[in-house]
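Working notes, structure below.
The values are calculated or read from the model by the stated rules, or taken from the named source; none is laboratory data. If you're wondering where the values come from, they're calculated on a predicted model, not measured in any experiment. All Cβ positions, glycine included, derive from the backbone under ideal geometry; neighbour counts span all protein chains shown.
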Amino acid sequence: MKNYKYFYLVNDISEDGEEGYEAIVPKFPKIHVFGDSLDDLHQSVMETIEYEIEKRKEKGLPIPSEDKKNSFSGKVLLRIDPELHERLFYEAKAKRISLNSYIQENLQKVVSSTGS
C-alpha cells in the first residue's frame, strides 16, 4: 500500500468513553472514513484513498494531485503562559535536560497514555 500525501481533517467523535474518529479528505469530497483510534483511522484513510484512485483510473476519471506540504519539520512554535514556561524550565533543569527534551518527553507520555 502506498502512503499517499493527501491532507485530511480529523474529527474526534468519541462518545460514552468509546474512542472514535472521522476523517474527511478535501480532495476527495465523497470520502468519509471512520476509525477506533488515530492509527486505525490513518490506515483506513490510506486504504480508502488507494481504492478511490484505482476506481478513478478504471473509469478514466482525473486523480487529484497530492498535497505538497504533508511532511513535518519537527519544529513547533508554542506560546504559553510565562509562569508555566518558568516552571517547565526549572523542572527540565532539575532533570539536567534541555527544555525542548523535557517538553517532548512529557508530550510523548500524554500521547502514549491516550492510546494514540
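Couple of notes before you dig in:
- Just one of (1) within 21 Å of Ser113 (Cα to Cα); (2) more than 14 Å from the chain's Cα centre (by Cα); (3) not small (Gly, Ala, Ser) fails for Gln43. It is (2).
- From the list Lys30, Lys2, the one residue that fits, being basic (Lys, Arg) and more than 17 Å from Ser65 (Cβ to Cβ), is Lys30.
Residue by residue, here is whether (1) under 16 Å from the mean Cα position of the chain (by Cα); (2) part of a helix (DSSP H, G or I) holds:
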site	(1), (2)
Phe72	yes, no
Lys75	yes, no
Arg79	no, no
Arg87	no, yes
Ile97	no, no
Glu105	no, yes
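- Of all residues making up region 67-115, the number that are surrounded by 12 or more Cβ atoms within 10 Å (Cβ to Cβ) and at pLDDT below 90: 2
- In region 1-58, the qualifying residues are those that are in a helix (DSSP H, G or I) and polar (S, T, N, Q), and the one that is surrounded by the most Cβ atoms within 10 Å (Cβ to Cβ) is Thr48.
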